[in-house]
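The structure appears right after this line, and notes come after that.
Derivation of every value follows stated rules applied to the coordinates shown; laboratory data play no part. Nothing here was measured: the structure is a model prediction, and the numbers come from that model. Cβ sites come from the backbone with ideal geometry, for glycine too, and all protein chains shown count toward neighbours.
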Amino acid sequence: MNAETLKQFQQAWADKDMQKLAACMTDDVVYCASVGTDLGETWRGKRDVLAGIAKMIAYDDADAEIGDLHIAGDYIFNTWIYRAKTTGKTTAKGCDIFRFKNGLIVHKDAYRKVTL
């Protein structure tokens with residue numbers, strides 16, 4: 001169930017579909033982003049998280065390649081790579097840690113390594 005929700009979330013992110021993203025999250029979701037002030041911004045609550053995701057999508061403007069996925073109870077850890085749309089060059093590598101509650105994302109914590 002959690003893995004299916006994550007798959008739907010990742011596809012909605014790629015499609016920039018805020019309505020489908022919202023359907024994957026609890027109302028009290030927390031997202032600790034990998035960019036922003038203080039080494040990343042943190043958004044709380046579905047409305048603020050969706051606004052934050054919109055900022056992240058605009059910031060990255062890249063194609064995501066999802067890597068390894070590991071499930072441990074209500075947690076999923078996955079890796080990813082961003083590639084520039086114009087050149088295909090890797091621009092960032094990272095990982096996300098998701099926590100789920102009742103099959104929905106309640107917490108997303110992202111980390112990245114930027115390549116130049």
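Please report VAL114, VAL106 as a ranked list, fewest other C-beta atoms within 10 angstrom at the top and most at the bottom.
Working: VAL114 12, VAL106 16.
Ordered by Cβ neighbours within 10 Å, fewest first: VAL114, VAL106.
Specify the angular offset, from 0 to 90 degrees and rounded to the nearest 10, of the alpha carbon long axis of helix 46-60 from the longest principal axis of the alpha carbons in the chain.
20 degrees
Report, in deg cm²/dmol and to the nearest 500, the calculated mean residue ellipticity at 222 nm for the chain, where each DSSP H run with n ≥ 4 adds -39500 (n - 2.57) and the sum is divided by the residue count.
Working: 3 runs with 35 residues, N = 116.
Only helices count here, giving -9500 deg cm²/dmol.
Which of the aspartates and glutamates could be linked to LYS101 by a straight reach, that is with a Cα gap under 20 Å, when you skip same-chain ones fewer than 8 residues away?
Partners found: GLU4, ASP27, ASP28, ASP48, ASP74, ASP109.
I need the peptides 45-55, 70-80 ranked by packing, meaning the mean over residues of other C-beta atoms within 10 angstrom, with the highest value on top. All intermediate terms of the calculation are to be shown ahead of the outcome.
Details: 45-55: 16.3, 70-80: 13.7.
Per-residue mean Cβ counts within 10 Å order the peptides as 45-55, 70-80.
So what's the gap between the Cα centers of the stretch 78-110 and the stretch 16-31, to the nearest angstrom?
Cα centres, the stretch 78-110 to the stretch 16-31: 15 Å.
Between their Cα atoms, which of LYS55/LYS85; LYS7/LYS108; LYS7/LYS93; LYS20/LYS113 are more than 25 Å away from each other? Display every interim value, and only then the final one.
Details: LYS55/LYS85 17 Å; LYS7/LYS108 14 Å; LYS7/LYS93 19 Å; LYS20/LYS113 28 Å.
From the list (LYS55/LYS85; LYS7/LYS108; LYS7/LYS93; LYS20/LYS113), the Cα-Cα distance tops 25 Å for LYS20/LYS113.
Hey, what did the chain get for relative contact order, percent, Cα under 8 Å, at least 6 apart?
Numbers: 215 pairs, mean separation 29.1, N = 116.
Answer for the chain is 25 percent.
Using only the Cα atoms of the chain, construct the convex hull and provide its projected area averaged over every direction, in square nanometres to one decimal. Intermediate results must be reported in sequence, preceding the final value.
Details: hull surface 26.8 nm².
For the chain, averaging the hull's shadow over all directions gives 6.7 nm².
Expressed as an acute angle from 0 to 90° and rounded to the nearest 10, what is the orientation of the C-alpha long axis of helix 2-15 relative to the principal long axis of the chain?
40 degrees
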